[in-house]
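Worksheet: one structure, shown below.
None of the figures in this text is laboratory data; all of them are computed from the coordinates on show. These numbers were taken from a predicted model, which means no experiment stands behind them. So basically every Cβ, Gly included, is an ideal-geometry build from the backbone, and we count neighbours across all protein chains shown.
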Amino acid sequence: MSDEQMIYDKMDEIFKGFVESNRSVFEEINHRGFLDVRKLSKDGKLYSNNMVKDPFNVAYIGLTDSGDSSLISFLDNEFNKIYQYCDVL
């Protein structure tokens, strides 16, 4: 296995854990729209809120429902994509 694949697998594991811990928040908006991670974190509605700090600095999460799965985009303060995760429901 290449170093690049190992890094990708580790990142995928981190973001998957965040998604699984916060699935109820995503379900509240029916897996559609944007979430302000900093506000949700401040309000105590997120688990694993270390995503708002270095090295990830996630500010927003965009959710797109695509039937059997949700495409979850993690964005920084300027709406640059940091990571994208496909969550199979």
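For this structure, a couple of remarks:
- Among the residues of segment 40-65, those identified as touching a helix residue (DSSP H, G or I) at 6+ places or on another chain (Cβ under 9 Å) and of a type in the set (Val, Ile, Thr) are VAL52, VAL58, ILE61.
- Flag for SER70 being closer than 25 Å to ASP9 by Cβ, touching a residue at least 40 places away in the same chain (Cβ under 8 Å) and either loosely packed, with under 12 Cβ neighbours inside 10 Å or out of contact with any helix residue (DSSP H, G or I) (no Cβ under 6 Å at 6 or more places or on another chain) (or both): yes
- Only residues that are within 17 Å of TYR85 (Cβ to Cβ) and touching a helix residue (DSSP H, G or I) at 6+ places or on another chain (Cβ under 8 Å) were counted across segment 16-39, and they come to 6.
- Residue check for LYS53: under 21 Å from ASP9 (Cβ atoms) and among the basic types (Lys, Arg): no
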